[in-house]
C-alpha cells in the first residue's frame, strides 16, 4: 500500500552473519533483496521495485514517484580493556 504522497517505504538492515544488506517492504509484495553494500542494494532496488510494482498491479504514476529507504544498521563492538 502506498502512502498519500505515493512513497514506498523500504527497510534495509545489515545481516552480520551473512555480511549483506537485506531490503524488505510491506508496500511492495515479494520484495526481498540483498547486496554486500548499501549502494549496490540501492541499485538493485531501482530495478526491482518498479518491476514488482508492475507485476503487483501498482503501476508507479511517474518517474518522480518517491521511494523512501530507511536503513537500520547497528554495530556493536566489544570494548577492549587492558588490565
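The residue that is nearest to residue 56 (Cα to Cα), among those in segment 26-36 that are outside any strand (DSSP E or B) and out of contact with any helix residue (DSSP H, G or I) (no Cβ under 8 Å at 6 or more places or on another chain), is 27. Any chance segment 58-65 includes a residue that's more than 13 Å from residue 9 (Cβ to Cβ), surrounded by 11 or more Cβ atoms within 10 Å (Cβ to Cβ) and modelled with pLDDT of 90 or more? Among the residues of segment 58-65, not one is more than 13 Å from residue 9 (Cβ to Cβ), surrounded by 11 or more Cβ atoms within 10 Å (Cβ to Cβ) and modelled with pLDDT of 90 or more, which makes the answer no.
The values are calculated or read from the model by the stated rules, or taken from the named source; none is laboratory data. Note that the structure is predicted; figures quoted are calculated from it, not measured. Backbone-built Cβ (ideal geometry, glycine too); neighbour counts: all protein chains shown.
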